[in-house]
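Presented below is the structure to which this report refers.
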Amino acid sequence: MISLLTNINFLSTGMPWPVDDLDTKLRLESYEKHKLLFQGHHSSVFRDLNRLLREDESSVLAFSLNWHKRLTTTFANMLWGEVPNISSKNDSNGDYLKSLIEYNDFYNTGYEVTLDILRYSPGILKIGFDGERATIESQNPAFWYPVVNPDNIKKIQYHVLAWTFEEIDWEGKKTSYIREEVHSRGKIENRLYELDNGKIGKQIKPISSHPRYKTLKDEQNTGINDFLIIPIFNLQTSDNPFGQSDYEDINSLIEQLELRICQITRILNKHSDPNMAGPESCLINDPDTGEPIFTSGGKFWPLESGEKAPEYITWDGKLDSAFKQMEFLLDQLYALSETSSVLFGDPKKLQRADSSAALKRLLISTLSKVNRLKLSIDPKIRKALKIASQIEVLKKVPTAVELINIKIDYRDGLPEDPVEMAQIANLEGTEAEELKNEIAVE
């Protein structure tokens, strides 16, 4: 799905809100759906689940296998779980870079935006200045409206952030507003409009005339010849420059897994409270109504010749077939999500991973995906830090320097084997000594 917004006219008085553009609507709808999946509200997305469970639609069976959250956090953990080392060529002791990172809680921000990249594509970073220091924050992609060049949809002309809010005055009158930030290179336009029956109403100008924004200017020159909005995308293709969510490929598999386990639960519930069959002597008459009723527990029924003893009615739920299908679906889930059961504690595969090298071999697809994420994230993270440092230099923040040649050394988040590492170090030392001897002989 591709946003086809090619100008900022959709932000003006008289235009419908939400935006009347099919591709934008589909994009925002997918964000809302993936948000619900990540939060575990699967019944709001998997509409067929309750229908297929028919009469068993109940709170007993209304639970979710939240693979969406588990898979998303797994990849974010592998990227940020072990804090990477960040350095800059012109910040020799690293004190300034460290202070910038700590001020912005930067590693948690990186983790947040990675979650958004995986579940939504894109994740959004916003750089600003709070009067003291430069800020780097993650933004909700549902508030982001990219305006592209009509001749090159990969080239963004404006980054628009837009959101709505309501206020109630002392008389109880409710007013709805839409707040807009239009980001271009070197400039931010701040706009505020009233919302009137699904359309953008009159503009509040200057924006500072509204008490909520009394210190804000209609236009801000950033002093930076670049955008202060940085989108980071998941898997991109030539015809989908805004990337693809990880959830698209696995939704149907997870829906089927949840259906299978709900049906297995239904079968087990029936077996835990089965019906009983037996001769009429199992029944007694209710003294109040005279109706035959069944009682059990500590009873003895003498059987007439040829009578059948009381028994529970059971049925073959074909559970073996259900579990085999679940195994197949799980294998497909691991394949499509580029993970492995070893990541989730599979004891059989963990026994095969007798070293960190063996573990990495079992996780080739997973590590490849993490490396692909780094290709998308790394240049944008470095760009955000560089722009933040440029802003602090412009604002004359003490000790600020413009960071150049920023380098980020990521780790894989996997446990290290001390014995294996010692063996590798010993082998490298031996090879170095042999090479030194060879040079001496020559």
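Asp320 sits with roughly 120 Å² accessible to a 1.4 Å probe, with DNA, RNA and ligands left out of the calculation. Protein-only accessible surface at a 1.4 angstrom probe places the residues Ser376, Ser341 in the order Ser376, Ser341, largest first.
Averaged per residue, the range 158-276 has 52 square angstrom of accessible surface, using a 1.4 angstrom probe with ligands and nucleic acids left out. Accessible area ranking (1.4 Å probe, heavy atoms, ligands and nucleic acids excluded), largest first, for Tyr247, Tyr213: Tyr213, Tyr247. Select from the range 145-232 those GluC sites (Glu not before Pro) which occupy a DSSP coil region and have at most 15 other Cβ atoms within 10 Å, ordered by residue number. Hits after loop and neighbour filter: Glu171. Between Lys174 and Asp288, the simple label model (points 7 Å from Cα in the Cβ direction) yields a spacing of 5.0 nm. Within the full protein context, the accessible area of His271 is estimated at about 70 Å² for a probe radius of 1.4 Å. Annotation: Asp95 carries an accessible surface of approximately 100 Å², with a 1.4 Å probe and no ligand, DNA or RNA atoms counted. Site pair Glu194 and Thr215 shows an inter-label distance of 2.8 nm when each label is modelled 7 Å from Cα along Cα→Cβ. Couplings 3J(HN,Hα) of the range 25-34, computed from phi: 4, 5, 4, 5, 5, 5, 4, 5, 5, 6 Hz, in residue order, whole Hz [Karplus 6.51 cos²θ - 1.76 cosθ + 1.60, θ = phi - 60°; x for Gly and Pro]. Here the accessible area of the range 199-274 is 46 percent carbon and sulfur, with a 1.4 angstrom probe and all protein chains present. Sorting Tyr96, Tyr410 on solvent-accessible area from highest to lowest, probe radius 1.4 Å, gives Tyr410, Tyr96. Loop-resident trypsin sites (Lys or Arg not before Pro) (DSSP state other than H, G, I, E or B) in the range 112-215 with no more than 15 further Cβ atoms inside 10 Å of their Cβ: Lys173, Arg185, Lys214. Under the combined filter of DSSP loop state and at most 12 neighbouring Cβ atoms within 10 Å, the range 61-135 retains these GluC sites (Glu not before Pro): Glu132.
Remark: the Ser368-Arg47 segment gains 112.2 nm on full extension, using 0.36 nm per residue and subtracting the alpha carbon distance.
The values are calculated or read from the model by the stated rules, or taken from the named source; none is laboratory data. On a predicted model such as this, the values are computed, not experimentally measured, just so you know. Note: ideal-geometry Cβ built from the backbone for every residue, glycine included; neighbour counts use all protein chains shown. Note: accessible area is taken over every heavy atom of the protein model, side chains too, but ligands, DNA and RNA are not part of it. Shrake-Rupley method; radii C 1.70, N 1.55, O 1.52, S 1.80 Å.
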